[in-house]
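Everything below concerns the one structure shown next.
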Amino acid sequence: MFFKKTVDIPTKEQALPGRDEAIADSLSGKHFVTGHSILPPYAEHLSLAVFGLGCFWGAERKFWQLDNVYATAVGYAAGITPNPSYEEVCSGMTGHNEVVLVVYDKTECSYESLLKTFWESHNPTQGMSQGNDQGTQYRSGIYYFNDEQKSLAERSLQDYQQKLSSAGYGAITTEIKAASTFYYAEEYHQQYLAKNVNGYCGLGGTGVTCN
């Protein structure tokens with residue numbers, strides 16, 4: 001069951017029940033690269049962004065490498081099951097996406113720069129897959145926290161669609177939704193590619209830039 005490949009989001013009735021205990025309760029809370037806390041509360045000058053762009057190991061690395069990003073964390077969002085495990089998310093029966101939480105200094109790092117990294121780091125036209133990874137947890141998604149992020153995300157999608165179309169790509173399948181509960185992934189997933197330098201990364205962009 002846990003490795004069934006599905007491209008359909010389950011209904012609330014079909015979704016796995018999950019659990020009351022939060023995985024975040026067992027995390028060290030310290031970012032392996034920056035040394036900062038990946039857990040709230042955050043200082044007032046810091047803002048949050050959440051993106052889904054395929055396997056979250058490689059996706060997280062793209063964002064922690066940016067200047068003025070305070071911390072990143074991987075987790076699960078945009079689904080149904082409370083406090084899911086990695087195996088449950090991989091089953092396709094939670095509705096969740098593998099996502100990256102980006103904590104950034106809004107006085108030094110713009111949301112537009114995060115969107116640029118998002119679009120250029122994956123192929124947003126592949127539906128419920130990314131590269132060879134297939135399943136609902138690999139879908140492309142932007143999960144906004146306020147109206148400004150929503151507006152910027154929608155505008156960037158329109159702009160990037162024009163560039164992709166000119167390059168021969170099809171329609172963008174990225175979902176843009178209000179951010180829901182972010183469930184932290186297990187400790188071993190956090191900053192995985194910093195801890196495992198030869199670890200798997202299936203992330204690949206189209207080569208089409210936002211500029």
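The values are calculated or read from the model by the stated rules, or taken from the named source; none is laboratory data. These numbers come from a predicted model, not from an experiment. No Cβ is skipped: glycine too gets one built from the backbone with ideal geometry, and neighbour counts run over all protein chains shown.
Are any residues in segment 96-119 in a helix (DSSP H, G or I) and in contact with a Ser or Thr (Cβ under 6 Å, 6 or more places away or on another chain), and if so, which ones?
Hit for segment 96-119 is Leu115, nothing else.
Determine which member of the set Lys163, Lys150 is farther than 16 Å from Asn97 by Cβ, in contact with a strand residue (DSSP E or B) (Cβ under 7 Å, 6 or more places away or on another chain) and touching a residue at least 24 places away in the same chain (Cβ under 8 Å).
Details: Lys163 fails: in contact with a strand residue (DSSP E or B) (Cβ under 7 Å, 6 or more places away or on another chain).
After ruling out the rest, the residue left standing is Lys150.
Is there any pair with a first residue in segment 107-129 that is touching a residue at least 12 places away in the same chain (Cβ under 8 Å) and a second that is among the acidic types (Asp, Glu) whose Cβ atoms are under 7 Å apart and which are 6 or more apart or on different chains, and what are they?
So the pair list comes out as Cys109/Asp67.
Can you confirm whether Ser180 is over 25 Å from Pro10 (Cβ atoms), modelled with pLDDT of 95 or more and of a type outside the set (Phe, Trp, Tyr)?
no
Looking only at residues that are in a strand (DSSP E or B) and touching a Lys or Arg at 6+ places or on another chain (Cβ under 8 Å) in segment 26-52, which one is surrounded by the fewest Cβ atoms within 10 Å (Cβ to Cβ)?
The first filter runs over segment 26-52 and keeps only residues in a strand (DSSP E or B), leaving 30, 37, 46-52.
Applying the additional criterion that residues be touching a Lys or Arg at 6+ places or on another chain (Cβ under 8 Å) yields 37, 46-47, 52.
On the way: Ser37: 16, Leu46: 18, Ser47: 20, Gly52: 26.
Of everything passing the filter in segment 26-52, Ser37 is surrounded by the fewest Cβ atoms within 10 Å (Cβ to Cβ).
Looking at segment 75-85 only, could you name the residues that are in contact with a helix residue (DSSP H, G or I) (Cβ under 7 Å, 6 or more places away or on another chain) and either assigned to a helix (DSSP H, G or I) or crowded, with 24+ Cβ neighbours inside 10 Å (or both)?
Matches in segment 75-85: Tyr76 only.
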